Amino acid sequence: MPAAILRAKKALKDVAMGGTLEVLATDPGAVKDFEAFCRATGNELLASKADGKVFSFVIKRMS
Amino acid sequence: MASNPLYIMLCSGEHEKLQMAAMMASVGAVSERPVEVFISMNAILAFAKGAPADTRYQGGAFSKLLKENHAPDAMTLFRQGKELGDLKLWACSMALDVKGWELNALTDGLFDGAMGLTKFLSDAENGQFVTL
């Protein structure tokens, strides 16, 4: 679902440069989506974890 | 980060294709990829101002699933793509002419203007071209 990516992009606008954002998603596809999103936008994916059906990501704003 | 612009030719009025176009456009835009969408043929009818969602979106089995699962509205996805990235929507000037519409007959806040096919095809030589 693109919803998680769109919401993360919107939330990142309010994160200071160098700051982090935690995202929770329930779509297993989100793992690769967030890797690609961070690569494309120049942000750093600090963490990517799966806990049952919940996938969590920590993104560091670099651009 | 260098990125290849995405040019989407949207002609189908099917809900599933409208939804996919909105998803591709918004995800591309938030991934810092410039996106332009050219809307023509049956697709332009789906952008009529004020159309209720159940008549705006007509499709097959997957359309039913999208509605049952409250999938994000395609118009909302396009709007978010414009808000969060470089996304432009162009109404086909031929389609507007044939339908007898001006731009103000279309959903507010989405369209950057009307454009001819020749111009869009020429611009699309700069990037990747997809048809829905």
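No lab work stands behind these numbers, since they all come straight from the coordinates. Just so it is clear, the structure is predicted and the values come from calculations on it, not from any experiment. Using ideal geometry, Cβ is built from the backbone for each residue, glycine included, and neighbour counts are taken over all protein chains shown.
Hey, which of these cross-link pairs are over 30 Å Cα-Cα: A:Lys32/B:Lys82; A:Lys32/B:Lys119; A:Lys32/B:Lys17; A:Lys13/B:Lys119; A:Lys10/B:Lys17? Don't skip to the end; give the middle numbers.
Working: A:Lys32/B:Lys82 24 Å; A:Lys32/B:Lys119 35 Å; A:Lys32/B:Lys17 23 Å; A:Lys13/B:Lys119 33 Å; A:Lys10/B:Lys17 25 Å.
Those over the limit are A:Lys32/B:Lys119; A:Lys13/B:Lys119.
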Ordered by residue, what ³J(HN,Hα) values in Hz, to whole numbers, does segment B:10-25 give under the Karplus form 6.51 cos²θ - 1.76 cosθ + 1.60, where θ = phi - 60° and Gly and Pro are x? 10, 10, 7, x, 5, 3, 4, 6, 4, 4, 5, 4, 5, 5, 4, 5
Among B:102-115, B:72-85, the order from most to least packed when residues are scored by Cβ within 10 Å on average: B:72-85, B:102-115
Within-15-Å neighbourhood charge of A:Asp14 [Cβ basis; K, R +1; D, E -1]: +4
Please state the charge dipole magnitude for segment B:6-131, taken about the Cα centre, from unit charges on C-beta atoms (+1 on K and R, -1 on D and E), reported in debye and rounded to the nearest 20. 200
Using only Cα atoms, figure out Rg for the protein assembly as shown and give it as a multiple of 2.2 N^0.38 Å. 1.08
Place the peptides B:117-123, B:13-19 in order of packing, highest mean first, counting for every residue the other Cβ atoms within 10 Å and averaging per peptide. B:13-19, B:117-123
Helix axis angle, A:2-12 relative to chain A longest principal axis, alpha carbon, degrees: 30
Using mean Cβ contacts within 10 Å as the protection proxy, how do A:7-15, B:39-47 order, highest first? B:39-47, A:7-15
Need the C-alpha centroid separation for segment B:33-50 versus segment B:116-132, integer Å. 14
For segment B:64-104 and segment A:38-60, what is the centre-to-centre distance using only Cα atoms, to the nearest Å? 30
In whole angstrom, largest first, the equivalent ellipsoid semi-axes that the Cα gyration tensor gives for chain A are 18, 11, 11
Per-residue Cβ counts within 10 Å, from other chains only, averaged over A:4-11: what number is that? 5
For segment B:6-131, take the alpha-carbon Rg, divide it by the Kirkwood Rh, and send me Rg/Rh. 0.94
Rounding to the nearest 10 and keeping the result within 0 to 90°, find how far the Cα-based axis of helix A:30-41 lies from the longest principal axis of chain A. 20
Could you tell me the relative contact order of segment B:6-131? Use alpha-carbon pairs under 8 Å, at least six residues apart, and round to a whole percent. 36
